[in-house]
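What follows is a single structure, and I will ask about it in a moment.
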Amino acid sequence: MLALLPVTLTAAMFLWSGSLAAQGWYLHADLDMPFGVALRAGVPALAVLVVPPAVAAWCGCRAERLGDPAGRDLRVIAIVVTAVSIALNLAPLLVVWGLHP
């Protein structure tokens with residue numbers, strides 16, 4: 001499941017760009033982008049990005065319940081990948097909105 005991360009990253013980027021273009025915003029780093037526009041474009045893109053690690057974490061939990069101790073490693077890695085993906089995608093927006101009066 002984690003091997004699908006590059007594919008979902010690409011899909012999330014296209015979804016983000018397409019959602020912004022559909023709403024009339026063409027630049028990713030536009031300082032005047034309203035929060036609602038970023039939210040409507042970002043939530044679906046983040047959902048697409050988080051699906052493979054979330055499924056991998058679920059599979060890790062299930063494997064651990066069935067007695068495979070390696071399931072814990074998969075679960076931990078998937079949770080870390082999910083947290084890092086979310087943080088790296090939200091950080092630029094938070095920085096831009098924090099610096100812009």
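The values are calculated or read from the model by the stated rules, or taken from the named source; none is laboratory data. Keep in mind that this is a model prediction, so the values were computed, not measured. Backbone-built Cβ (ideal geometry, glycine too); neighbour counts: all protein chains shown. The area values use the complete protein model at the heavy-atom level, side chains included, leaving out ligands, DNA and RNA. Shrake-Rupley method; radii C 1.70, N 1.55, O 1.52, S 1.80 Å.
How large is the accessible surface per residue of the chain, computed with a 1.4 Å probe and reported in Å² as a whole number?
64
Determine by what factor the alpha-carbon radius of gyration of the chain differs from 2.2 N^0.38 Å, reporting the quotient.
The chain yields a ratio of 1.28.
Still on this structure, I have one more. How big is the dipole moment of the chain about its Cα centre under a simple scheme where the beta carbon of each Lys and Arg is +1, that of each Asp and Glu is -1, and everything else is neutral? Debye, nearest 20, please.
Charge dipole of the chain: 260 debye, to the nearest 20.
Now for a separate question. Percent of accessible area on the chain owned by carbon and sulfur, 1.4 Å probe?
Ligands and nucleic acids excluded, carbon and sulfur reach 75 percent.
Any chance you could run the full-extension gain for L66 through D32? It's 0.36 nm times the residue separation minus the Cα-Cα distance, nm to one decimal.
Going from the current span to full extension adds 7.1 nm.
Summing -39500 (n - 2.57) over the DSSP H runs of n ≥ 4 in the chain and dividing by its residue number, what mean residue ellipticity at 222 nm do you reach, to the nearest 500 deg cm²/dmol?
Roughly -28000 deg cm²/dmol at 222 nm, from the helical runs in the chain.
Taking Cα atoms, how many degrees apart are the long axis of helix 5-22 and the longest axis of the chain, rounded to 10 and kept between 0 and 90?
Computed tilt is about 20 degrees.
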